[in-house]
Amino acid sequence: MSDLKSIGYSDWFKSRVDDEQIAHHGVARIVSVHKDSYTVSNGGKEIFAELSGNLLYCIESTCDLPTTGDWVYADFFDDDTHAVIYGLFPRKTLLKRKAAGKLIDFQLIAANIDVAFIIQSLNDNFNLRRLERYLVMVNESGIEPIVLLSKCDLMPKEDVDEIKRNVLAIAPQTIVMEFSNLSRENIDSIVSSLKAGFSYCLLGSSGVGKTTLLNSIIGNDKYETQSVSKIQNKGRHTTTSRQLVRLESGAMIIDTPGMRELGSLSVDDGLDETFSEIAELSQRCKFSNCSHTNEKGCAILAAIKAGSLSEQRYKNYQKMKKESQFNQMSYLEKRNKDKNFGKLIKSTMKNKKR
Ligand SMILES: Nc1nc2c(ncn2[C@@H]2O[C@H](COP(=O)(O)OP(=O)(O)OP(=O)(O)O)[C@@H](O)[C@H]2O)c(=O)[nH]1
Ligand SMILES: [Mg+2]
Ligand SMILES: [Zn+2]
C-alpha cells in the first residue's frame, strides 16, 4: 500500500478532501512538471501522469494547472506505471511569480511548501534589496522564510557577522544562518532542522549553491552542479526543472532553477523591453530629470504631438511603471504603507461614527 503520509499528506489536506473526487479517484503528489506531462508519487513510487481531458478543458489560468508539490486526484493504470490527473486539492501555500516578460500571467514555482530557504552567497551575490524581494514573495505566500548565507568559507567571520546583522535589521523575526558546502559549516544544523512530513524549497540566484546544498544534505553528488563562471559563460542555469525530493528523514525538498527576477516584482524588466522606444525617447529630453508632463524640450510630449508615439501607449507605460515601483518598494516600506493605510481606515470609520 502506498504511504501518502510519508510524502507530506497531512490532516490539513485530509480535511479538505472533495467527497465526489475521492469516491472515484486516488490521491497523489506532483513530483515534477514536464512540458505536457507530470511525474507524480503515490508515496510508493513515481509514476508518469497526464491531465484528464475534462481537467484540461476547465483550465482558465496558469494557477489551475498542477505544479510541483501539489496534491491531486488521480487514477492509476497498468500496474501503477501511468496515471491520469482529475483535479487539484486546495493549496496550503502557493509560490508564484509573474512570468518573465508577460504582464499578467504567473509562473507557478511550487505548492504546499512549509519553509523556504532563501539563499544568497556571501562572496558575490549578497544584496539586501534582492533579499527583501524574496522575503516579500515568500511572506506573501504564507511560507516561513529562512535566510541562508552560502559560501561562508570565502569570507572572514567578522564580515559574515556584520552581514547577518544587516539581514536581521530588515527581517528581525527570521532565522539567518551562514553555511558552507565546502567546509560543511552548519550543514548539520540545517539537516537537523528539516522535519519529517514538511516540505521545503531552495530559492536564490543561479550559482549560489542550492543544488550543492541539496547534495550536502543527502550526502552525495546526485544532482548536477556547475561552477559560477561556467553558468555565466553559458548564460543558463544548471538546474532547469523543479523536483520534489524525499529525504531519508521524511522531509521533502524542492530545488529550483535560479531566478533572474522575482515575483510580482518582475515587471520592470518586461517594461523596459516592451516599451523600449519610450526609454530611448526619454534620453532625448532637454532636462535629464524631465517628468514628461509640461517641460519644454520634452521628447516624449513632442513624439505624442507628432503622432509617432500613441498617447494611450504612453499612459499605459506610466501606469505600469507606477505599479512596478510599488512592487519594488522594500518590504519595510510596504509594511509601513499598509500600516498607515490601516490607520487611515480606522480614523475614517471613527469619523463616520461621529
Ligand atoms: N566556495 C564555495 N563554493 C560553493 C559552495 N557551495 C557551492 N559552491 C560552488 O558554487 C557553484 C554553483 O553551485 P550550484 O549548486 O550549481 O548552484 P545553484 O544555486 O544550484 O545554481 P542553479 O542551478 O544554476 O540555480 C559550484 O561550482 C559549487 O561548487 C560553498 O559553500 N563554498
Ligand atoms: Mg542548481
Ligand atoms: Zn520628457
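Taking region 137-188 on its own, how many of its residues are basic (Lys, Arg) and either under 19 Å from residue 95 (Cα atoms) or surrounded by 14 or more Cβ atoms within 10 Å (Cβ to Cβ) (or both)?
Summing the residues that are basic (Lys, Arg) and either under 19 Å from residue 95 (Cα atoms) or surrounded by 14 or more Cβ atoms within 10 Å (Cβ to Cβ) (or both) in region 137-188 gives 2.
Which one is nearest to ligand 3 (Cβ to nearest atom), of the residues in region 285-306 that are among the charged types (D, E, K, R) and more than 21 Å from residue 322 (Cβ to Cβ)?
286
Select from region 153-180 the residues that are polar (S, T, N, Q) and at pLDDT 95 or above and list them in ascending order.
Answer for region 153-180, where residues must be polar (S, T, N, Q) and at pLDDT 95 or above: just 180.
Can you work out which of the residues in region 190-226 that are more than 12 Å from ligand 1 (Cβ to nearest atom) and of a type in the set (S, T, N, Q) is modelled with the lowest pLDDT?
Ranking the qualifying residues of region 190-226, first place goes to 220.
Mind checking which pairs have a first residue in region 278-305 that is assigned to a loop (DSSP other than H, G, I, E, B) and a second that is among the β-branched types (Val, Ile, Thr) and within 7 Å of ligand 3 (Cβ to nearest atom), Cβ under 8 Å, 6 or more apart or different chains?
If the second residue must be among the β-branched types (Val, Ile, Thr) and within 7 Å of ligand 3 (Cβ to nearest atom), the pairs left are 285/300; 290/300; 292/300.
This table checks each residue for (1) more than 16 Å from ligand 2 (Cβ to nearest atom); (2) more than 16 Å from the chain's Cα centre (by Cα); (3) farther than 20 Å from residue 61 by Cβ.
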position: 110; (1), (2), (3): no, no, no
position: 121; (1), (2), (3): no, yes, yes
position: 132; (1), (2), (3): yes, no, yes
position: 151; (1), (2), (3): no, yes, yes
position: 162; (1), (2), (3): yes, yes, yes
position: 166; (1), (2), (3): yes, yes, yes
position: 176; (1), (2), (3): yes, yes, yes
position: 186; (1), (2), (3): yes, yes, yes
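In region 140-152, is there at least one residue being more than 30 Å from residue 29 (Cβ to Cβ), modelled with pLDDT of 95 or more and assigned to a helix (DSSP H, G or I)? Reasoning before the result, please.
Initial filter on region 140-152 (more than 30 Å from residue 29 (Cβ to Cβ)): 149, 151-152.
Retained after the next criterion (residues that are modelled with pLDDT of 95 or more): 149, 151-152.
Adding the requirement that they be assigned to a helix (DSSP H, G or I) leaves 152.
Within region 140-152 (the criterion being more than 30 Å from residue 29 (Cβ to Cβ), modelled with pLDDT of 95 or more and assigned to a helix (DSSP H, G or I)), the answer is yes, since at least one residue qualifies.
Are any of the residues in region 251-269 open to solvent by less than 40 Å² (accessible area, probe 1.4 Å), more than 16 Å from ligand 1 (Cβ to nearest atom) and at pLDDT 90 or above?
yes
Checking residue 32 against (1) part of a loop (DSSP other than H, G, I, E, B); (2) within 20 Å of residue 242 (Cβ to Cβ), which test does it fail?
Evaluating residue 32 over (1) part of a loop (DSSP other than H, G, I, E, B); (2) within 20 Å of residue 242 (Cβ to Cβ) leaves (1) as the failure.
Output the residues belonging to region 23-39 that are surrounded by 12 or more Cβ atoms within 10 Å (Cβ to Cβ) and under 13 Å from residue 87 (Cβ atoms).
Residues satisfying the conditions are 25, 26, 27, 28, 30.
Check off (1) over 24 Å from the mean Cα position of the chain (by Cα); (2) open to solvent by 10 Å² or more (accessible area, probe 1.4 Å); (3) not β-branched (Val, Ile, Thr) for residue 88 and give me the number that stays unchecked.
(1)
Working only within region 115-139, note down all residues that are in a loop (DSSP other than H, G, I, E, B) and of a type in the set (D, E, K, R).
Correct list: 124 only.
The values are calculated or read from the model by the stated rules, or taken from the named source; none is laboratory data. Just so you know, these numbers come straight off a predicted model, no measurement behind them. All Cβ positions, glycine included, derive from the backbone under ideal geometry; neighbour counts span all protein chains shown. Areas reflect the complete protein model, heavy atoms only, side chains present, ligands, DNA and RNA absent. Shrake-Rupley method; radii C 1.70, N 1.55, O 1.52, S 1.80 Å.
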